[in-house]
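One structure is given here, and the rest of the page talks about it.
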Amino acid sequence: MINKKNIKIIGTIVGIIAIIIIGVYIYNQIKISNYLSKLTYDIVQESYDTYGDYSKSKYQDIVPENIYSSMNYLRGGSYDNRDEFIIYVSNQSKVNTLIFFLDTAESKYTYEIKFSVKGEEGYSYGKSTCTVQWKLDDDNVWRVSDFDDPP
């Protein structure tokens, strides 16, 4: 026969197990979020540093070429040589990532760029908030599935 004391002990044990499971889940979500935030920052920075040259990317296995080149916030016109630019301001904000369900995530960041092209008058300025969509594939690898850089 189960008495009140046994019910309290069982309830306490179940409560402790539930707290541990929830804690592990939250810790895992934070770990994934931090990983994807750092990865997003690194990919965007690399795309900027290589002027979107996909052949120089170490992230080809997780980012499609069309998305990678779009992440370069110094893209524009027919200029394909970074040496043609004079950069006055170049900033990328901290990346914030939210995990949706267990297999999708969204990373947001803001960039700001002010530059001119050698031999031309004036300068260009851009500031935008971008969104990188992540999808966890069947091999348990996070891959970029979409990118949004509103005008």
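The values are calculated or read from the model by the stated rules, or taken from the named source; none is laboratory data. Please read these numbers as outputs of a predicted model, since none were measured by experiment. Ideal geometry is used to build each Cβ from the backbone, glycine not excepted, and the neighbour counts take in all protein chains shown. Surface accessibility is based on the protein's heavy atoms, side chains included, excluding ligands, DNA and RNA. Shrake-Rupley method; radii C 1.70, N 1.55, O 1.52, S 1.80 Å.
Observations
- Positive minus negative residues near SER57 (Lys, Arg vs Asp, Glu; Cβ under 13 Å): -4
- The stretch 18-151 - percent relative contact order, Cα under 8 Å, separation 6 or more: 20
- Solvent-accessible area, 1.4 Å probe, carbon plus sulfur percent, for the stretch 14-133: 56
- DSSP loop trypsin sites (Lys or Arg not before Pro) with at most 11 other Cβ within 10 Å excluded, longest remaining stretch of the chain: 1-57
- What the phi angles of the stretch 5-11 give under the Karplus curve with 6.51, -1.76 and 1.60, with θ = phi - 60°, is a coupling list of 5, 5, 5, 5, 5, 4, x Hz, glycine and proline written as x.
- Long-range amide H partners of TRP134 with built H, under 5 Å: ALA105, GLU106, SER107, SER145
- Förster radius 35 Å - calculated FRET efficiency between LYS118 and TYR35, Cβ distance, rounded to 0.05: 0.35
- Amide H contacts of SER124 (H built 1.01 Å from N, under 5 Å, at least 5 apart or other chain): PHE115, SER116
- Placing R0 at 41 angstrom, the Cβ-Cβ distance between ILE22 and SER90 gives a FRET efficiency of 0.50 after rounding to 0.05.
- Put LEU36, LEU136 in order of accessible area, highest first, and with a 1.4 Å probe you get LEU136, LEU36.
- Average accessible surface area per residue within the chain, 1.4 Å rolling probe, Å²: 65
- Partners for LYS135 among lysines (Cα-Cα distance below 29 Å; same-chain residues under 8 apart left out): LYS31, LYS38, LYS56, LYS58, LYS94, LYS108, LYS127
- Karplus (6.51, -1.76, 1.60) ³J(HN,Hα), θ = phi - 60°, over the stretch 121-127, in Hz, Gly and Pro reported as x: 8, x, 9, 10, 9, x, 9
- Where only C-alpha atoms are counted, convex hull volume of the chain per residue in Å³: 127
- Rough spin-label spacing in nm, given labels placed 7 Å along Cα→Cβ, for ASP42 and THR131: 2.5
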